[in-house]
Structures are given as C-alpha cells and as structure tokens.
Amino acid sequence: MEGRMTHHSNNTTIINSTSCIYTSKSLFSISPTAKSPLSRPSISFKRPSFTFLTRLPSEFGGSPLVRMEDPFTASLSSVSPRKNLTTSNHLRHVESMAHLPSGAGRITRLNALILGDALASEEDDLVFPSEVLSTQAHVSSPQKYLEMYQRSVHDPSGFWSDIASEFYWREKWGQQVYHENFDVRKGKIKIEWFKGGMTNICYNCLDRNIESGKGDKTAIYWEGNEPGLDSSMTYNQLLARVCQLANYLKDVGVHKGDAVVIYLPMLMELPIAMLACARIGAIHSVVFAGFSAESLAQRIIDCRPKVVITCNAVRRGSKIIYLKEIVDSALLESAQKGIVTDVCLTYENESAMKKEMTKWTKGRDIWWQDVILKYPVTCDVEWVDAEDPLFLLYTSGSTGKPKGVLHTTGGYMVYTATTFKYAFDYKPTDIYWCTADCGWITGHSYVTYGPLLNGATVVVFEGAPNYPDVGRCWDIVDKYKVSIFYTAPTLVRSLMREGDEHVSRYSRKSLRVLGSVGEPINPSAWRWFFNVIGDARCPISDTWWQTETGGFMITPLPGAWPQKPGSATFPFFGVQPVIVDEKGVEIEGECSGYLCVKSSWPGAFRTLHGDHERYETTYFSAFPGYYFSGDGCSRDKDGYYWLTGRVDDVINVSGHRIGTAEVESALVSHPQCAEAAVVGVEHEVKGQGIYAFVTIVEGVPYSDDLRKSLVMVVRNQRLTRYIGHQVFQRREVGK
C-alpha cells in the first residue's frame, strides 16, 4: 500500500495532560488594523484568558472579527459548540474551518506564515496560501470546499455524475449511479460505480485530448539515466505508439479480459504498454522492475498472463540490472508449477545492454523493435463496462502471498482524474513530474492515468535521483521547467541530509506546487521541502491514500485552507473518514484511533483477485460497516487529520503502546538525524524495548554526546522513558 507513518506532535496529545492540549485551544480574534494582507500575521498571547490576536489573508476572512470560546471557561458551561462536532457528522472538519485553526500537539503559542512571505520556522504551526494562489486556485477558499464537499456526501450521485459527464462514454450508465454494501453482516461486500456505462480509459487519455486540439502538445518528456539522454512524445505520437502495440497484442491472441504482465523500468514503453492493454480491454499487471524472480513468478502464477513485456536490462545510476534474466527465471519457475507463458516481448534498452548479449529462448522471446513498428498506427477501441477490470496491482500480504488488488475502469478513471486536478491545482500550462515508478499505485494513478486524463505534460525519469550527483532532480526541474513536483518523504530526507548547496545552485523558479506521497512527511522535512526546495512559496500537497483506494483520500487543496506541517489536513470530495476505537465505535472530536471510511468512493478497489473472502476479511470484517485502512490516525481540535502509521507497527514497552513511527518522527526532528528506523526488541523486564537505526547528517561525526542528544529528543517528546544506552545503531552515510 501507499501508506503513511506518523506525525509525532499530534500523537503526543494522547499522552500529554489536558492542560497542554488546551493551551492552543484558545480564543482568536482577527485584528482589523493590519496594514497588508500579505505581511506576517501578528499574534499575541496572554494569560489567563488565552486570547490570541491574529490577522489572516483576506481570502480567509480579512479583517472581520472572529471569536471562539475560551476552552477553560467553556468547560464550565453546559454545552460548547466544539462538543457538537461529533463523528456522526461527517462535515465536522469543515464546520471547524469556520474558526481559525489553532495547531496540534503541545503548542504554547500559535504562529502563522503566508506563502512567499517568509521561511517556515520550527515555531510556525500554520502556513496560509497567498492571496494570489487562492484567487487562481480551483478551490479558492474553505467556503468553496465546504460547498463542494457537502454536495459530494449529500448527493454523491449528482456530484460524481456531473464530473463523469466530462469524459467520453459510448453509452451512459444506468439510473443508479452507484451501489454499495460495506457491511459484511448484510451480505457480500460490493462496490459499483457507473455500472452499465461503456467507456475506455485509453480513449479518454489520448483520443479525447487529441480531438480537443491537444494532439501536438507534449504528452511525455523522457529523461534517461545518463544526463543528455532524453526524448519526448506528443499526444499524437503517443497514440500511434499505443495503437501499434495494441495491434500486436491482439495479433498474438490477447483479448478483452486477458492478463498481461509488464516488467519494465521507467521507459516511455511502460505507460505505452499500460495504455495499449487498456485500449483492447486487457488487464495489465505492472510489476516493479526490481522485484526478484520469485516475486515476479508469484504474480505470473496468480494472474496467468498471455504475454509478459520486459526489456533486456536497465541502468540505474552506475548499476546495471539484467531484467530479462530475472524474467527468464520467473517464467521457468511458473512453468514448473503449470503456468506457461507463450510470449515474452522484450524491448532492447541499448543504453544498458546490447541485443547480442541478451540470453534468448527461441519461439517464446520476441524483440519489441523487430515487430511493433510494423503494425498500423490506428487501432479500434474495445469499449468496456465501467465495472470491467482495468488492472491488477499486487501488494504485500501478511500471509506471504501477495494480494492482487483489482481496480475497474469507470470509477477509477473519474476519481484519479479529479483528484489529480484538484490536489495539485493543475493548470494546462503545468509541467508535471512524479518521481514514482509505475510499478506502484502512484505510478498508475499519478504518472499515467490521472495526468493524461487531464491532458497534462508528464516527465518520466529512468534513473536515480542522486546520479550522477544529488542535484539531479533540480537539474531536471530546471531543464523541463517542472511546475508540479510530487515525490516521497524518503527522497526529501535523503536530499536534506546532503545539504542545501546541492539545491540552491539550481533555479527551481518554475516550481509552483510540491507534493508528498508514501508516508507522513515529518515536520522538519516538510519545512525543509517548503523552505529550501519551494523557496517558501509553494504549497505542499501531503497526500494520504493507498493502493486499495486508487487515489487521494485525505489531502490539502492548494489555495483552499491553511496547512499544518505533517498533517494531511482534510478529506477529498466524497470521502467520509471516521476514527473508531477498538470496539468499532466512532470517536468524537479530538482523538486518536483506527482510521476507517464509511460509504464508497469511485476509485475504491473492488476485490482481491481470486480471493473475495480475503478481501472481506482484511478490509471489512474488523469494523463491520466500514472500510478499515489498517492505519492509525489522530484528529486535532480543528478537524485536521494526522496519520500515525500501520496499527501493527506498535511496540509494547511495559504496557505502553508506542508507535514505531512516533519515535522515528521524533528522532528525525533532531537537526543532525537524517533518517531513522525503529523496531521492537525483546526485553526481559519491559517485554519489549526500542531499537533505533539512525542515519546521521552528512559530515556529522558520531559521538556519545550525539547519542545522548538523540535519546533526549525522544524523551522530550514524552513518547517514552525506556530508551537506554543499548538502543542506537548508527549508519554512516554511504555505507
């Protein structure tokens, strides 16, 4: 899954005293005497009335006064307005947006920042969009979001039908827009959207955009592993290449509903192969070209493909990976278990390996370049039902057998296109780069389908972000004038470790929106991403979602509301998140618990391939009536959501349940800690102890004083008192 781990500040509210929590839950008023709407907000704090004074940009209320109850006084009264914001009301988070957000965790005073005004410091708890950004955004204010969100949950049929109508449908869906059952007690779990509607996602990605005049627009900029090795392709050219491959696949016996396994690196041929399968109604299953032969064989055995598509080798950085040899081993293993694949279409990646050096199985292996270019550049579209399968994507399972997550066509198409448009505030002039591989769900939804459905120009990068040096990302940003940059916190922390000089020597002036995916981005890395990469002028879309959800579930919308570093903020349209306790009871207000979703959304996966029982058991049985994400979550007093990681990533120290991600986030808040990984170890007295693997910042020597400092930073977060001398193992950079 594409998960998130933790945010330590909010988690500590569970452990802290009530008075600490209440410190930031205070009375706000907006000063009417401010000089400029873009200057830094002025804030005062005084006791005992707990009154803040702050001035917001005009799009968040300008100069009118807004007052909130003193929580200490309110606790003495019969009913507080905040107490009415319960989880039974799925609009609680947007109702709370009528008040100025007040930060999360142990905050003794509130500081705010406006995009482009100043750098975000450790004391800044809120980052407001600039007036210019909000004015030009698709969702320009909390009020606009509230209007759209309310409709999406009160009238999901009308909301999503209006959006779906923007795409091409050969036949429109029936009167019932969606059908769902989330409760295993009421029968089989079932989710359907736009059933009966006939469409094709490849047609909507390519033909529809060409027909609207975008044929000569660049669809893909491809950047090779070696600097200077590059290419590009317009929408017209991309359609021609897709049709040639689609015609070949039909010629070798691939029909609607057949599976095709794709084991390719980030060449342009990877999205081409995905789109070609979609065009003829075949089900593609992309496997990350780094998985072992055993992992690949497991997936081949499960989905029984008619064709495997690969290349002979790939160069990642200075290392060559012989992909064809991995495929050969996987096909041999699967054949020994009775699953024989007759065709292995192999692309010659001559920058990594020459054709004559490639091992070959005559009669099965076919060179891409020898056959594909001979086929016509037009191919009839296979119109499919909205609920026909689009792709299988395998994720790790607790039993060792990978889970084949099945996504269908219509709902996924509508949802990925819509989330891409709003979460990145996409404009037709944007150049978009997501660093993810198409072997993961991010590459499906936000490298291929989401961007192309919006007619976007996408950068596809074959190489490693630190090759030939750690400035490679920013060299690519400047080269293609990338305006939207979407990456993982792991990469951010890795680059952060190397120092600012590798960033500052590049312009990066084209950047407009930044994005984060895969895990929570801890506040210190968020601020570095914001300050150094984005020059304190680019909002960060810190997205939470999963392979299973198909698209963003909780995400900031640039321009719509203030951000809190480390928080995914609020749910996307149509998503109704709830936090439940161990008994499945929804928890009201500020809380922590298990993150679930009630009611379906169009991008939701429909089943696990060949194992619907496992689908129901894994995702719907723990808390009947809900989709259980498997993640823990905290919600602060303002309704902001903070993901705390997988619920099974918990260490029990002397009866205290401590999330590994909590400790990791605390460690990486230390200025000399670049990355941290935490595991539980057996302890004869406490049951479990905490063991931390730490990567220190480049150039910082390891010392006992540094170890003690790291221990103290965790203790200061009040996470645990059980970290001792034996728990840290350092990793030197480059080892």
**Request:** Among residues belonging to the range 431-456 that are in contact (Cβ under 8 Å) with a residue 60 or more places away in the chain and touching a Lys or Arg at 6+ places or on another chain (Cβ under 7 Å), point out the one that is least open to solvent (accessible area, probe 1.4 Å).
**Result:** G455
**Message:** Looking at T618 and the list (1) outside any loop (DSSP other than H, G, I, E, B); (2) farther than 22 Å from P523 by Cα; (3) open to solvent by less than 10 Å² (accessible area, probe 1.4 Å); (4) in contact (Cβ under 8 Å) with a residue 60 or more places away in the chain, which single condition is not satisfied?
**Reply:** (3)
**Message:** Which numbered condition in (1) modelled with pLDDT of 85 or more; (2) more than 27 Å from L491 (Cβ to Cβ); (3) surrounded by 11 or more Cβ atoms within 10 Å (Cβ to Cβ) is the only one that I696 fails?
**Reply:** (2)
**Message:** closer than 30 Å to L453 by Cβ and either of a type outside the set (G, A, S) or open to solvent by less than 10 Å² (accessible area, probe 1.4 Å) (or both): which single residue out of P523, P562 fits that description?
**Reply:** P562
**Request:** Give the residues of the range 208-258 that are open to solvent by 20 Å² or more (accessible area, probe 1.4 Å) and charged (D, E, K, R), sorted by residue number.
**Result:** R208, E211, K214, D216, K217, E226, D230, R241, K250, D251, K256, D258
**Asked** Yes or no: R299 at pLDDT 95 or above and surrounded by fewer than 17 Cβ atoms within 10 Å (Cβ to Cβ)?
**Response** no
**Item:** Complete set of residues in the range 301-351 that are among the β-branched types (V, I, T) and within 23 Å of F391 (Cα to Cα)
**Value:** I301, V307, V308, I309, T310, I326, V327, I339, V340, T341, V343, T346
**Item:** Leading residue by the ranking (farthest from C538 (Cα to Cα)) among those in the range 565-591 that are in contact with a helix residue (DSSP H, G or I) (Cβ under 8 Å, 6 or more places away or on another chain), small (G, A, S) and buried (at least 21 other Cβ atoms within 10 Å of the Cβ)
**Value:** G574
**Message:** For a quick check of your reading: which strands (runs of 3 or more DSSP E) sit entirely within the range 126-193 and have at least 3 residues that are farther than 15 Å from S600 by Cβ?
**Reply:** 126-128
**Asked** For S510, which of the numbered conditions (1) modelled with pLDDT of 95 or more; (2) of a type outside the set (A, V, I, L, M); (3) out of contact with any Lys or Arg (no Cβ under 8 Å at 6 or more places or on another chain) fails to hold?
**Response** (3)
**Complete:** Heads up, the strands (runs of 3 or more DSSP E) in the range 197-302 (entirely inside) with at least 1 residues that are touching a Leu at 6+ places or on another chain (Cβ under 6 Å) and under 20 Å from W433 (Cβ atoms) are 218-223
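A quick yes/no check of all residues on (1) surrounded by fewer than 16 Cβ atoms within 10 Å (Cβ to Cβ); (2) hydrophobic (A, V, I, L, M, F, W, C):
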site: E356; (1), (2): yes, no
site: D370; (1), (2): yes, no
site: L373; (1), (2): yes, yes
site: V381; (1), (2): no, yes
site: V384; (1), (2): no, yes
site: F391; (1), (2): no, yes
site: G410; (1), (2): no, no
site: A423; (1), (2): no, yes
**Every residue from the range 176-197 that is surrounded by fewer than 19 Cβ atoms within 10 Å (Cβ to Cβ) and of a type in the set (A, V, I, L, M, F, W, C)** = V184
**Prompt:** Which of (1) charged (D, E, K, R); (2) part of a strand (DSSP E or B); (3) open to solvent by 10 Å² or more (accessible area, probe 1.4 Å) does E613 not meet, given it meets every other one?
**Reply:** (2)
**Message:** I need every pair where a residue in the range 306-332 that is acidic (D, E) has its Cβ under 9 Å from the Cβ of a residue that is assigned to a helix (DSSP H, G or I), sequence separation at least 6 or different chains.
**Reply:** E325/A293; D328/A293
**Residue that is open to solvent by 10 Å² or more (accessible area, probe 1.4 Å) and in a strand (DSSP E or B), where the choices are F623, F628** = F628
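Can you name the helices (runs of 4 or more DSSP H) wholly within the range 396-483 that have at least 1 residues being closer than 30 Å to K256 by Cα and among the aromatic types (F, W, Y)? Full working, then the answer.
On the way: elements: 410-423, 450-453, 472-480.
Counting at least 1 such residues, we get 410-423.
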**Item:** Lone qualifier among G174, G187 - being of a type outside the set (S, T, N, Q), at pLDDT below 95 and out of contact with any Ser or Thr (no Cβ under 8 Å at 6 or more places or on another chain)
**Value:** G174
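The values are calculated or read from the model by the stated rules, or taken from the named source; none is laboratory data. Keep in mind that this is a model prediction, so the values were computed, not measured. Don't worry about glycine lacking a Cβ; one is built from the backbone with ideal geometry, like all the others, and counts go over all protein chains shown. Accessible surface is based on the protein model in full, side chains and every heavy atom, while ligands, DNA and RNA are left aside. Shrake-Rupley method; radii C 1.70, N 1.55, O 1.52, S 1.80 Å.
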